[in-house]
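The values are calculated or read from the model by the stated rules, or taken from the named source; none is laboratory data. Computed from a predicted structure; not experimentally measured. Note that each Cβ is placed from the backbone with ideal geometry, even for glycine, and that neighbours are counted across all protein chains shown.
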Amino acid sequence: MKLRLLLPALLLLGGCVETRFESPLGDNIETCDERWKGLWTDTDTNSEATAIYVDDECHFIVADQPETGGPLKRIHVPMNYVHVDGKDYLVVADTSLKSLGEIKPPYGIEPVPAKSFYFARYRVRGDDIEITQVNSERVAQLVIEGKLEGTVSKISSDLHVYVRGDRARMLDIVRKQPIFDGQKPTKLLRHKQTLDEFEQALIRPPAKKSR
């Protein structure tokens, strides 16, 4: 299911194409954006058994149905929000994503950093959110051209990009470099259901025993 892989896809967790950043995005990092509160699903109807739910305390929860007709698995992912020049960004540490699956260290980086960060840009339009992931090919070219400091490793279809710099440098990058351009956003739709109501609608009633 597409949304089952939403965070891994958006942030390219453990993928064959990924960009990680050495530092978080600036100093003005928030742990809540009130506009995210509620239940969200991918506009792709094939993703209807998976959702993102942000509760009243702003816990960011990925809810997935591992087995058709069964209960949801709810995974809390610590999420951070940054607002820069009228644009909004998600910032998440790779260590915060381990509950979603295996996280390997940044490729080819020695010594291995305690953590690295993924960025995504989002846009809220009422009951819709568009999330755009980093364009790793574009970032790789910027590193190769010397416009960004970092490393690039490309083997066959695998591309691993690591961007170096402190918090101020990360802020400068999103302000001055089009690192999200060329990427098609993932669209989320807000639902009026609670997460429990969403789950109950998915759970299949037990099959009746034949006599």
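Structure above, values below:
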| quantity | calculated |
| --- | --- |
| Number of positions in the range 79-106 that are under 13 Å from the mean Cα position of the chain (by Cα), within 21 Å of Asp158 (Cβ to Cβ) and of a type in the set (A, V, I, L, M) | 2 |
| Residue within the range 190-210 that is part of a strand (DSSP E or B), among the hydroxyl-bearing types (Ser, Thr, Tyr) and under 23 Å from the mean Cα position of the chain (by Cα) present | no |
| Test: Lys154 is part of a loop (DSSP other than H, G, I, E, B) and either in contact with a strand residue (DSSP E or B) (Cβ under 6 Å, 6 or more places away or on another chain) or basic (Lys, Arg) (or both) | no |
| Test for Leu148: is it under 15 Å from Phe180 (Cα atoms), part of a loop (DSSP other than H, G, I, E, B) and at pLDDT 95 or above | yes |
| Residues located in the range 21-38, provided they are over 27 Å from Gly126 (Cα atoms) and either among the aliphatic types (A, V, I, L, M) or in contact with a Leu (Cβ under 7 Å, 6 or more places away or on another chain) (or both) | none |
| Residue match in the range 105-122 (condition: in a strand (DSSP E or B) and among the β-branched types (Val, Ile, Thr)) | no |
| Test: residue in the range 128-147 that is within 15 Å of the chain's Cα centre (by Cα), hydroxyl-bearing (Ser, Thr, Tyr) and over 24 Å from Ile52 (Cα atoms) | yes |
| The range 189-211 residues that are under 16 Å from Asp127 (Cβ atoms), paired with ones that are modelled with pLDDT of 90 or more and part of a loop (DSSP other than H, G, I, E, B) (beta carbon under 7 Å, 6 or more apart) | Leu189/Asp127; Arg190/Asp127 |
| Every pair of residues 6+ apart whose Cβ atoms lie under 7 Å, when the first sits in the range 173-184 and is on the phi > 0 side of the Ramachandran plot while the second is assigned to a loop (DSSP other than H, G, I, E, B) and not charged (D, E, K, R) | Gly182/Asn135 |
| Candidates Ile109, Ile155, Ile75 - the one that is surrounded by fewer than 21 Cβ atoms within 10 Å (Cβ to Cβ), at pLDDT below 95 and within 18 Å of the chain's Cα centre (by Cα) | Ile75 |
